[in-house]
Amino acid sequence: MTILIANKVGHKFGGLSAVTDFNLNLHYGELMGIIGPNGAGKTTVFNLITGVYQASEGSMRFKGIEIVGKRPNQIAALRIGRTFQNIRLFRELSVLDNVRIAHYAQANYGILEGLLHLGRYQKEEQRIINNSRYLLSIFKLEQVAGELAKNLPYGLQRRLEIARALAISPELLLLDEPAAGMNPHEIDQLMLLIQWIRQEFNLTILLIEHQMKLVMGICERIQVLDFGETLAVGTPDMIQNHSKVLEAYLGEVPGG
Amino acid sequence: MSVLLIKQWNSLLENDWLVPVLLTLGFGLSFAIPEYNLFSVYVQLIMMYIGINIILAVSLNLVNGYMGEFSLAHAGFMAVGAYSSVLLTMKVLPVADYPLLFPCAVFIGGVVAALLGMIIAVPSFKVRGDYLAIITLAFLMIVKSMIENIDFMGGPRGIPGIMKLTTMPWVFFWTATLVWIVRNFVFSKYGRAVMAIREDEIASDLMSVDTKKVKFFAFMLSSFCAGIAGALFAHLLQFISPRIFDITKSTDILIMVYLGGIASLGGSILGATIYTVLLEILRPSTMAALLSWLPSFMFDPLQAHLITHLGTWRMVIMPLALIMVMLYWPRGVMGLREFRGFIPRAHKQAHHHN
C-alpha cells in the first residue's frame, strides 16, 4: 500500500530545472531516505510535496488525494508534517506556543467561539495544552515550556521542530537534515528517537540527510537525486554499491 | 525598580476576581462621575478620549504588534466608522426619540469599517512589510479624498452639529467590550496564528495555519474596533471633517502602540492613557491650572518663560519622548509582555511546570 505517489513531477526556477521527472512510491509505515549532492533538488522535493512550491508538471497523490495545486496549510491538514533544514521555529514565541500553533487545523472551534471564549473553546484549548505538554515531555522539553524558542540551545531547537511537526498529528513526516550539526553521539540518539516516534505515532517517514551513518543505519530504502534527476532507488546495500551513485559523489570511478 | 513594580502589579492582577470587580466598579463610576460631577467637565472629556484612544491602540496593536505588519490606515477606518454612524444618527435613525439606537449606529459604523478592512486584507496575502504599509497609506488617502469629494458627506468642510451622544457609560461599555473581545481573540488559536504569521508565515502555513483566513479575521477585527472608536469620537467632538482623519491621526495611534509596547494589550491601555494625558498636561492652560498652587514668585516666571510657549514645545517634547522610548525601550514599556490579569487561567497554568 502506498501512502504517497509522485508521478513525473517537475519544477523549474525561471528556465532552470530544479527537479525533473521525479517519481516516488512511499509505502505506509516505511522509513525512506533521499540523498544526493548539494543542489540535487532534495529540499525542492520537500517543498513540492508540502505545497511551498507548485509543481509545474506531474501529479502527487497522498492517501489517494491529489495534492498538486493545494495550499500548504491544506496539505498540512491532510497530515503531512515537516521540519526544516535551517530551523524555522517561531522564535519570539514560547516553546509551548510553538507546539500549540501547529494544532490550528485540529482545534475544533470557530471564530465566534474564539472571540467569546464560549462553546467548544475551553475544552479544545485544554485538549491542545495537554497534547502539547505530552509532546514536549517526549522530547524532554517540558522544563523549558515557557522559554522563548530563540533562547533554546541548538540541539533543543532541533528537537522542538520535530515536536512541533508531530503536533499536526502527521501520518507522513518529512525530516529535512535532522542530524545537521550533530556529533556522532547525538546522531546515535537521534536514530533511536526517529525509530521510536515512528512506532509510537504510527508514522511514515521520509528524510533528507547527508550523514551516511544515519541514512544507511535506519532507512529501509534510499532514493538518490542528482541535478534534479533520480539516479537510483533501492535498499542501503544496493545504493552503496551502485556505480552511478559513486560517480555522482566521488567523480568518475576508473573501470567502474 | 520598574521590574519590581511590574511584579507587584502582576501579583495583584493574579486574582481571578480582580478584573470583574474593577469592571463593575468602573462601570458604576462611569455613571456616577457625570451624574454627580465628581470631576470637572474637562477632565470627564479627557477620560472619554482615553477610552476611545485605548480602543484605537488595541485595534492597531493587533495589526502592528501581534501580526507584525505596519498599518497607516487606521485613521481611515476611524473615518469610515465616524461618517457612517453620523449619517445614520443625523439622517436615518430617530436617535432623539430612541437613545438605544445610538449603540446600533456605532455598531454599524464598526461593521462598515470591518468590510473595508477586508480590502486591506486581500493585498496582505501577497505583500508584506514596507510594501503593505504603502498600500495602507494609499487606502487612507483614498478614503480621505473620497469623503472630500462627496457633497452628501459634507465635502472638505465636514459635518458640524452632530448630536453629543457619546457619554461616559457608552465609552466605558465599548472600551471594556472591545478590549475583552480582542483579548479573547489573542488567546485563541487565531491569535496564536496571527503571532506565528509575524514570526514566519511559510512555517505557519506548513503547521496547518490557514494564513489567509486568519489575516482576514485580524484585519476585520482591527478595523471594526477602529470604526467603533471613530463613531464614538464623532459623537463626542460633534464635528467631523476629512482633515481630522489624516495621517497625523494614524501616527498618534502608532505612538500610543509603540510607547505602550507591541503585542501587549496592557501596553496599549498604558500607552493610550499616558499619551492622552501627557498631550493634555502639556497644554498651556492645563499646565497653568496644574501649577496654580505654586506661590506667585515661583509661578510667574514659569508662566512667562515656559508655560506660554508650551503650545509650540509640546510637539517637540512628545516626539523626543518617543525617540527616547525607542532607544531605551525598543519594544515599548510592556513590549511582548502582558498583564497577568488578562491571561486566561488555563493559559497561565500551561506555561508553568507542575
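Taking the criterion of being within 7 Å of another protein chain (Cβ to nearest Cβ) and either out of contact with any Pro (no Cβ under 7 Å at 6 or more places or on another chain) or under 21 Å from A:Glu113 (Cβ atoms) (or both), the residues of region B:205-232 that qualify are B:Met207, B:Ser208, B:Val209, B:Asp210, B:Thr211, B:Phe217. Selection of helices (runs of 4 or more DSSP H) fully inside region B:146-219 by the criterion of at least 3 residues being more than 27 Å from A:Leu96 (Cα to Cα) returns B:168-186. So, in region A:66-86, exactly how many residues are facing chain B (nearest Cβ under 10 Å) and either part of a loop (DSSP other than H, G, I, E, B) or farther than 18 Å from A:Glu209 by Cβ (or both)? Residues in region A:66-86 being facing chain B (nearest Cβ under 10 Å) and either part of a loop (DSSP other than H, G, I, E, B) or farther than 18 Å from A:Glu209 by Cβ (or both): 12 in total. A:Lys63 satisfies every condition listed in (1) at pLDDT 95 or above; (2) within 14 Å of another protein chain (Cβ to nearest Cβ) except (2).
Just one residue in the set A:Lys8, A:Lys63, A:Lys42, A:Lys12 is among the basic types (Lys, Arg) and buried (at least 18 other Cβ atoms within 10 Å of the Cβ); that residue is A:Lys42.
Of the listed requirements (1) in contact (Cβ under 8 Å) with a residue 60 or more places away in the chain; (2) part of a helix (DSSP H, G or I); (3) away from chain A (no Cβ under 14 Å), B:Met141 misses just one: (1).
Could you grab the pairs with beta carbons closer than 9 Å, sequence gap of 6+ or different chains, first residue in region A:115-132 and more than 10 Å from chain B (Cβ to nearest Cβ), second one of a type in the set (A, V, I, L, M, F, W, C)? Correct list of pairs: A:Gly119/A:Leu112; A:Arg120/A:Ala107; A:Arg127/A:Ala107; A:Asn131/A:Val99; A:Asn131/A:Ala167.
Yes or no, residue by residue, for (1) surrounded by fewer than 24 Cβ atoms within 10 Å (Cβ to Cβ); (2) of a type in the set (Ser, Thr, Tyr):
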| position | (1), (2) |
| --- | --- |
| B:Tyr36 | yes, yes |
| B:Tyr49 | yes, yes |
| B:Ile55 | no, no |
| B:Val58 | no, no |
| B:Gly65 | no, no |
| B:Phe70 | yes, no |
| B:Ala79 | no, no |
| B:Leu87 | yes, no |
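Checking each residue in region A:87-113 for being more than 7 Å from every other protein chain (Cβ to nearest Cβ) and among the aliphatic types (A, V, I, L, M) picks out A:Ile87, A:Leu89, A:Val95, A:Val99, A:Leu112. For the residues B:Met287, B:Met326, B:Met334, the requirement of being touching a residue at least 60 places away in the same chain (Cβ under 8 Å), farther than 30 Å from A:Ile128 by Cα and surrounded by 12 or more Cβ atoms within 10 Å (Cβ to Cβ) singles out B:Met326. Would you check which residues across region A:25-60 are within 18 Å of A:Thr204 (Cβ to Cβ), at pLDDT 95 or above and of a type in the set (S, T, N, Q) and list them? Correct list: A:Thr50 only.
Of note, A:Ser137 does not satisfy the criterion of being facing another protein chain (nearest Cβ under 10 Å) and among the hydroxyl-bearing types (Ser, Thr, Tyr).
The values are calculated or read from the model by the stated rules, or taken from the named source; none is laboratory data. Given the structure is predicted, the values throughout are model-derived calculations rather than measurements. Neighbour counts run over all protein chains shown; Cβ positions are idealised from the backbone, glycine included.
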